[in-house]
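The values are calculated or read from the model by the stated rules, or taken from the named source; none is laboratory data. Bear in mind the structure is a predicted one, so any value in this text is a computation, not a measurement. When we count neighbours, we look across all protein chains shown, and the Cβ atoms used for this are built from the backbone with ideal geometry, even at glycine. Surface areas here come from the heavy atoms of the whole protein model, side chains and all, with no ligands, DNA or RNA. Shrake-Rupley method; radii C 1.70, N 1.55, O 1.52, S 1.80 Å.
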Amino acid sequence: MDKVLARGSGSAAARSRPRTAVIAMVAGAAVVAATTAVATSASAGTTLGASAAEQGRYFGAAVAVNKLSDSTYVGILNREFNSVTAENEMKWDATEPSQNQFNFTSGDRLVAHAQANGMRVRGHALAWHSQQPGWAQNMSGSALRQAMLNHVTRVATHYRGKIDSWDVVNEAFDDGNSGARRNSNLERTGSDWIEAAFRAARAADPGAKLCYNDYNTDNWNWAKTQAVYNMVRDFKARGVPIDCVGFQSHFNSGSPYPSNYRTTLQNFAALGVDVQITELDIEGSGSTQATTYGNVTRDCLAVPRCNGITVWGIRDTDSWRASGTPLLFDGSGNKKQAYTAVLNALNAGGTPPPTTAPPTSAPPTSTPPTSAPPTSAPPTTPPPTGACTATFTTNQWPGGFVTNVRITAGAGGLNGWAVSLTVPSGSAVTNTWSAQASGTTGAVTFRNVDYNRQVGAGGTTEFGFQGIGTAPSGTPACAGG
């Protein structure tokens with residue numbers, strides 16, 4: 001089977017996934033009501049979510065909001081999972097059907113359900129070449145770039161504080177042996193568009209983990225895997241805000257589970273990012289399917305920074321490739337052999353997640369890729385001779401803006417800093433992160449907070465602010481101390 005067509009959110013089939021309502025018993029008792037269902041209490045070791053939580057991880061499912069009226073679906077969801085991902089409800093076409101006209105109704109419903117049932121939420125996806133609204137498909141160049149950044153900012157801001165991890169950019173690399181970027185309309189806005197999206201997402205929601213998500217990156221030897229690895233390594237070296245990498249892991253006979261899957265997870269984790277299995281489904285049945293599900297689960301548990309697994313759907317009939325019966329529950333909601341294999345693997349335990357932040361420059365555990373380095377190499381210019389300099393980027397939309405400021409320390413380093421700029425008349429700062437602001441309009445000075453006071457010679461730190469009206473312009477003044 002063609003790998004592109006065999007993949008989850010990257011295929012045309014992902015836009016419309018077949019669903020069939022069925023009936024099953026929940027925890028051997030009553031059927032749960034559609035919209036008022038509450039999570040069934042379960043002791044650790046008896047459900048996927050509880051068992052994963054014992055290992056310091058989550059076990060989640062992709063959820064279609066229109067299925068929240070299906071009592072069997074909701075019963076399994078609430079009983080078994082402690083994380084949800086929106087199948088389609090948070091994508092660009094769903095959240096911004098007309099430019100600057102946002103619709104969060106379906107996404108908000110999923111978030112509310114998750115919060116009511118103690119589940120975390122993975123946001124999917126802020127920037128993607130597919131499932132763009134028609135107005136965005138017809139744009140190009142700088143207009144599309146600004147529209148994309150505006151979308152990232154507005155959606156991430158709306159869900160600020162409610163999302164555990166965002167798939168900031170989805171499927172930006174080509175399949176095949178080239179290791180090249182996908183020739184999409186977003187790529188044609190400039191090769192730094194991925195970096196720009198991550199910076200905008202960090203400014204909009206500093207508390208969410210920011211992930212790059214893709215398929216056909218499971219095998220460590222594949223060119224696409226190496227290309228994504230090179231990008232992540234470059235981002236970490238240059239301070240681009242990336243916290244995690246998502247592996248879709250849609251396995252079937254045409255694209256089977258690779259024997260070096262654990263190596264792939266380990267090598268990415270060694271870059272200082274979390275790794276997450278984000279769209280898992282495995283076609284097949286019986287013991288063969290169960291064995292592969294068990295192997296994938298054990299691989300994740302063996303890597304301390306593999307902090308969660310999400311299956312792409314709940315019952316086989318809910319899957320976008322239902323004919324392959326790829327999930328943990330059959331069409332009637334019964335647990336399959338694959339479910340038992342996963343639960344047993346979770347209960348057997350693994351390597352616990354780290355309790356302190358790991359080093360951010362750890363080397364990979366196998367030979368680094370030999371492909372050409374990224375074109376955006378780390379800067380080699382010497383640090384400025386003054387105390388510090390400041391530059392900023394702004395995402396402006398009608399009535400508001402977000403500004404991200406980068407401070408570069410001079411040759412003597414910094415033990416405290418202050419950045420001053422002018423907020424235009426009629427505009428005002430409404431929110432600031434990673435800094436303390438002296439005011440909201442006119443001449444405003446931003447000073448360091450405790451954790452970013454010290455900056456080594458030539459090093460950088462960042463802060464940001466959001467406001468109403470027109471963003472500041474010109475060159476900000478930066479002073480040490």
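Annotations for the structure displayed:
- Of the residues examined, THR225 is not one that is open to solvent by 10 Å² or more (accessible area, probe 1.4 Å) and either of a type in the set (Val, Ile, Thr) or part of a strand (DSSP E or B) (or both).
- The lone exception for GLY331 - which of (1) crowded, with 20+ Cβ neighbours inside 10 Å; (2) farther than 21 Å from ASP214 by Cβ; (3) touching a residue at least 60 places away in the same chain (Cβ under 8 Å) it fails: (1)
- Among strands (runs of 3 or more DSSP E) entirely within segment 232-313, having at least 1 residues that are open to solvent by 10 Å² or more (accessible area, probe 1.4 Å) and within 23 Å of GLY49 (Cα to Cα) singles out 274-282, 306-311.
- Condition met for ASP214 (open to solvent by 10 Å² or more (accessible area, probe 1.4 Å), touching an Asp or Glu at 6+ places or on another chain (Cβ under 8 Å) and in the same structural domain as ASN170 (by the TED database)): no
- When segment 192-203 is filtered for residues that are under 19 Å from LEU144 (Cα atoms) and assigned to a helix (DSSP H, G or I), the ones remaining, listed by number, are TRP193, ILE194, GLU195, ALA196, ALA197, PHE198, ARG199, ALA200, ALA201.
- Residues of segment 68-94 that turn out to be under 21 Å from TYR339 (Cα atoms) and either touching an Asp or Glu at 6+ places or on another chain (Cβ under 7 Å) or not in a loop (DSSP other than H, G, I, E, B) (or both), as a count: 13
- Of note, SER319 does not satisfy the criterion of being on the phi < 0 side of the Ramachandran plot and open to solvent by 10 Å² or more (accessible area, probe 1.4 Å).
- The set of residues in segment 279-296 being touching a helix residue (DSSP H, G or I) at 6+ places or on another chain (Cβ under 9 Å) and under 16 Å from GLN248 (Cβ atoms) consists of LEU280, ASP281, ILE282, GLU283, THR292, TYR293, VAL296.
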